[in-house]
Amino acid sequence: MPRWIGFLGSWALLVLALGLASFAVAGEWINTRDSRRLDRLAMIDELIAERNGNSATHLRQTAARKAAEVNALQNKVQSVEQQTEDVPDTGQKIIVSTEENKVYVRQDGQTVFEAVCSTGKGTTLKIDGRTWVFDTPIGKFQVKAKEENPEWVPPDWHYIEEARKNAMRVVHLNAGDTIDARTGDPPSQHSGGIWSWFSGNRSGPVLRVKGDTVVEVDGGSERELPPGKMIIAGDAIVVPPVNTKQRHFQGVLGQYRLELGDGYGIHGTDEPEKLGTAVSHGCVRLSDDDIAKLYAMANVGDTVIIY
């Protein structure tokens, strides 16, 4: 065999070996790259699964909460039905939803009136062993009376609540009592004569009850306090007797009121901006226009269902 043929054969084998080696290196590089891609995909899959898992957990928690709310509402409705089986039906029903803060009127199975309202805020006030719960009662009631231009006689809790809001104290002014108009305390024992000049403790105005009103007495002059207004003496809110003019507020309940009994009713409000939220002390509040429409439609004896 000629030498040049053997030489060419050796070169061919060398080229073939180099080619196979290149393919092997390239294949290994491709395998490494694919492996890294697979690792990244696996990591992305884990993140997606984790996110989906969190979303699913959130959805399950939301569903459970909604189910609990529905169950609570169903229990309320069932309780209403049990409490109201013996109340006669007048053919017109006023329905109050405390969940929606809505009032409806139904006649012959048709809704003929709908309005946004405010119902009880559900808070409690405790003082001196007494507890007040500011919630709208659940059950079936009747319109016991209709009243135009109703007066509001605030209970004691109103003064206590206002005092706590403003970091003040509460002082009761009873018939026969006298209160220092500047401090809310009993008048100083040394409130007149020569002693007051030496002690620097000169007599000042005092508050007292006179008949059906509260007056401020200052020396020889006497002034009646404005009716239906909060009485402030220093850092104290003064609670006047129930039968005095200062304990009777006009306009707070709007122009109309439907009496439901036990101090509860459906009436107007001087805070229309709060309608649609649970902010009342138990009564159902409506705007001036809506309470006027409802008042015209309502009859004494109408059924009122609150749930």
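For the stretch 124-138, filtering for residues that are surrounded by 15 or more Cβ atoms within 10 Å (Cβ to Cβ) and either assigned by TED's automatic domain parsing to the domain that holds residue 170 or in a strand (DSSP E or B) (or both) leaves 3. Cβ-Cβ below 7 Å, separation at least six or inter-chain, first residue in the stretch 221-234 and over 23 Å from residue 169 (Cβ atoms), second of a type in the set (S, T, N, Q): which pairs? Correct list of pairs: 224/213; 227/246.
For every residue, the table says whether it meets (1) in contact with a Gly (Cβ under 7 Å, 6 or more places away or on another chain); (2) at pLDDT below 95; (3) in a loop (DSSP other than H, G, I, E, B).
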position: 191; (1), (2), (3): no, yes, yes
position: 194; (1), (2), (3): no, yes, no
position: 198; (1), (2), (3): no, yes, no
position: 201; (1), (2), (3): no, yes, yes
position: 216; (1), (2), (3): no, no, no
position: 223; (1), (2), (3): no, no, no
position: 226; (1), (2), (3): no, no, yes
position: 237; (1), (2), (3): no, no, no
position: 266; (1), (2), (3): no, no, no
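Can you tell me which residue among 289, 262, 270 is free of Cβ contacts under 8 Å to residues at least 12 places away in the same chain, within 24 Å of the chain's Cα centre (by Cα) and surrounded by fewer than 20 Cβ atoms within 10 Å (Cβ to Cβ)? Talk me through it step by step, then tell me what you get.
Details: 262 fails: free of Cβ contacts under 8 Å to residues at least 12 places away in the same chain; 270 fails: free of Cβ contacts under 8 Å to residues at least 12 places away in the same chain.
Of the residues listed, the single one that is free of Cβ contacts under 8 Å to residues at least 12 places away in the same chain, within 24 Å of the chain's Cα centre (by Cα) and surrounded by fewer than 20 Cβ atoms within 10 Å (Cβ to Cβ) is 289.
Before we move on, is residue 282 under 17 Å from residue 153 (Cβ atoms), in contact (Cβ under 8 Å) with a residue 12 or more places away in the chain, touching a strand residue (DSSP E or B) at 6+ places or on another chain (Cβ under 9 Å) and assigned to a loop (DSSP other than H, G, I, E, B)? Yes; evaluated as a whole, the condition is true for this residue. Only one of the numbered conditions (1) over 20 Å from the mean Cα position of the chain (by Cα); (2) at pLDDT below 95; (3) not small (Gly, Ala, Ser) is violated by residue 132, and that is (1). One residue stands out in the stretch 103-123 among those that are β-branched (Val, Ile, Thr) and surrounded by fewer than 17 Cβ atoms within 10 Å (Cβ to Cβ): the one that is farthest from residue 258 (Cα to Cα), namely 123.
The values are calculated or read from the model by the stated rules, or taken from the named source; none is laboratory data. Because the structure is a prediction, the values reported are computed rather than measured. Quick reminder, even Gly has a Cβ in these numbers, built from the backbone with ideal geometry, and neighbours come from all protein chains shown.
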